[in-house]
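Working notes, structure below.
The values are calculated or read from the model by the stated rules, or taken from the named source; none is laboratory data. None of the values given here were measured: they were computed from a predicted structure. Counting neighbours? That spans all protein chains shown, and the Cβs are built from the backbone with ideal geometry, glycine included. Side chains are part of the model used for accessible areas, which takes the heavy atoms of the whole protein and leaves out ligands, DNA and RNA. Shrake-Rupley method; radii C 1.70, N 1.55, O 1.52, S 1.80 Å.
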Amino acid sequence: KPKEQMLFVFNKDPAHYDTWRDGLWAALRILARNFTIQYLNVNDIVVAERPPINYHVSPGTFKFILGWGAFGSPTDYFLTQLHTVHQDPHPKALCIGGNAMPPHENVTAVYDLLFFETEWYRETIAFHPLIHQAFGINGNIYHKLPPKMDERGDSVFEYDVLMVGHFLPWKRHMYLATKPGRKLAVGEIYQEYDVSATIVEELIKHDIEVTNMLPPRELADLYRASKLVYFPMATVGGGERALLEARACGAEVEVAEDNPKLQFLLHLSPIPDHRKYAQQLLEGIERLLDKVGTRNVTMRPPMPEDETVVEQRIKELIRHTCKHGEYCPYTIRHEITH
């Protein structure tokens, strides 16, 4: 029996695409057992410019559309325009990344289902009639390994304190200066934000080592090689996934006392992995499809089994849904005529 088609819309910097291996990435691989997934990266949409989305998806192309991104993100903008401007009938769900408040009043009209990550965020979207929790880490990468020991049998650590978080004000990196020992801060150093470079300069002045974000397996090794992983960020400063990843690797974790969201995750057990994430996504999708009924039946034939590369999927999607001369927010352009 052919698998149903689903569209996954997300916004991720292409520079990081090759190292995207988090819990969502792994959970989608499990979802692919149930659905043929088409991937669309709309990262190059600049929301502040309010670009027209001259994009059309024929009714019945997909069983449903699943998006990932914060409210106000390129993903949210794209899906909102698809619904409100083009009256797209496909059922839509959004996996909410980040802590942003819903920026528009038609959230309930655009999205049939909202996925949230942590209990802390539940009340923010309690107005919506269908919400479902889904979150987890990639357990294939972030897990415990035998610790490094010296000749006396004591654990050996490369760093006394590790902090993981992009170099932005709400991460509160300078709290690291209050901790003794060798310290390392890992995160994205944003070239477009002067404040990012300023934070890095201040950390270096305080003898705190700094490096840009690392690939997942290197980061996991670093969690295991650190005596303490510190999360001083404010409640709006993220850190949920990194905290659970550090805990899964067996690291001792400390969280800012004024951050109830991370304090809750500090004691969450068991730590949800990508299998749990996928299970929760499937449960939510079942609720979504029960809500909208069976009116949306896909009409397209399944893709060839050997066509698994993301770029091939994008090409195939563009062939079937875009029209020449229309805005298409992707690096791959039309290669055939209709």
Filter the range 14-29 for residues that are under 19 Å from VAL42 (Cβ atoms) and in contact with a strand residue (DSSP E or B) (Cβ under 9 Å, 6 or more places away or on another chain); the one that is surrounded by the most Cβ atoms within 10 Å (Cβ to Cβ) is LEU24
Checked the range 184-202 for anything closer than 21 Å to PHE157 by Cα and either open to solvent by 30 Å² or more (accessible area, probe 1.4 Å) or modelled with pLDDT of 95 or more (or both); matches are LEU184, ALA185, VAL186
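Within the range 216-224, does at least one residue satisfy the condition of being among the aromatic types (Phe, Trp, Tyr), in contact (Cβ under 8 Å) with a residue 12 or more places away in the chain and under 16 Å from TYR142 (Cβ atoms)?
To start, the set of residues in the range 216-224 that are among the aromatic types (Phe, Trp, Tyr) comprises 223.
With in contact (Cβ under 8 Å) with a residue 12 or more places away in the chain added as a condition, the list becomes 223.
Then keep just the ones that are under 16 Å from TYR142 (Cβ atoms); that gives 223.
Yes, there is a match, as at least one residue in the range 216-224 is among the aromatic types (Phe, Trp, Tyr), in contact (Cβ under 8 Å) with a residue 12 or more places away in the chain and under 16 Å from TYR142 (Cβ atoms).
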Being within 16 Å of PHE10 (Cβ to Cβ), surrounded by 14 or more Cβ atoms within 10 Å (Cβ to Cβ), touching a residue at least 40 places away in the same chain (Cβ under 8 Å) and touching a Ser or Thr at 6+ places or on another chain (Cβ under 9 Å) is the requirement here; does PHE135 meet it? yes
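Quick grid of which residues meet (1) open to solvent by 50 Å² or more (accessible area, probe 1.4 Å); (2) touching a Cys at 6+ places or on another chain (Cβ under 8 Å); (3) farther than 19 Å from GLY69 by Cβ:
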position	(1), (2), (3)
GLY97	no, no, no
PRO102	no, no, no
VAL110	no, no, no
TRP120	yes, no, no
ILE131	no, no, no
GLY139	no, no, yes
LYS144	yes, yes, yes
MET149	yes, no, yes
MET163	no, no, yes
Is one or more of the residues making up the range 175-189 in contact (Cβ under 8 Å) with a residue 60 or more places away in the chain and either part of a loop (DSSP other than H, G, I, E, B) or under 24 Å from the mean Cα position of the chain (by Cα) (or both)? no
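If you take the residues in the range 203-238 that are of a type outside the set (Asp, Glu) and in a strand (DSSP E or B), which one is most open to solvent (accessible area, probe 1.4 Å)?
Taking the range 203-238 first, the residues of a type outside the set (Asp, Glu) are 203-206, 208, 210-217, 219-220, 222-238.
Subset that is in a strand (DSSP E or B): 210-211, 226-231.
Details: VAL210: 43, THR211: 44, SER226: 2, LYS227: 111, LEU228: 22, VAL229: 0, TYR230: 15, PHE231: 0 Å².
For the range 203-238, the residue satisfying everything is LYS227.
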Having 2 or more residues that are at pLDDT 50 or above, of a type in the set (Lys, Arg) and within 23 Å of ALA220 (Cβ to Cβ) is the bar; report the helices (runs of 4 or more DSSP H) wholly within the range 250-334 that clear it. 274-292
